[in-house]
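> Below is a structure I'd like to ask you about.
The values are calculated or read from the model by the stated rules, or taken from the named source; none is laboratory data. Values in this document were obtained by computation on a predicted structure and should not be read as measured data. As a convention, Cβ positions derive from the backbone with ideal geometry for all residues, glycine included, and neighbour counts pool all protein chains shown.
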Amino acid sequence: MARANSNGSKTPEAIAASPPGDMEPGSAALTGSSTPDDAQITIYPIRSYLDGKEIRRAGGEGYKSPKHDAVSLIAAGLATDKDPKA
């Protein structure tokens with residue numbers, strides 16, 4: 001973790017030495033507001049399920065999902081990462 005001054009702000013040396021994942025609270029990396037493409041997987045529903053407020057129908061179109069959600073859906077047998085139409 002980076003060093004902080006007595007007032008709580010980071011010193012310029014500490015900021016330069018911080019690893020890329022050492023972000024301030026509320027930053028995009030911590031809030032999940034920006035998801036890189038490598039953290040998303042295209043999945044295809046093989047059974048119908050509720051995804052947030054949207055119903056994903058069996059045999060429906062593939063869509064991009066965050067990797068951690070996609071892995072759970074695939075493990076539960078609700079989706080696949082292989083295009084069934086291909």
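> Could you look through the stretch 46-72, keep only residues that are closer than 19 Å to Ala86 by Cβ and surrounded by 15 or more Cβ atoms within 10 Å (Cβ to Cβ), and pick out the one that is nearest to the chain's Cα centre (by Cα)?
Ranking the candidates gives Ser65 first.
> Do any helices (runs of 4 or more DSSP H) entirely within the chain hold 1 or more residues that are polar (S, T, N, Q) and modelled with pLDDT under 55, and if so, which?
Working: elements: 12-17, 28-31, 67-75.
Passing ranges, in order: 28-31.
> Right, something else. Quickly run through the stretch 73-86 and pick out the residues that are hydrophobic (A, V, I, L, M, F, W, C) and surrounded by 13 or more Cβ atoms within 10 Å (Cβ to Cβ).
Of everything in the stretch 73-86, those that are hydrophobic (A, V, I, L, M, F, W, C) and surrounded by 13 or more Cβ atoms within 10 Å (Cβ to Cβ) turn out to be Leu73, Ile74, Leu78, Ala79.
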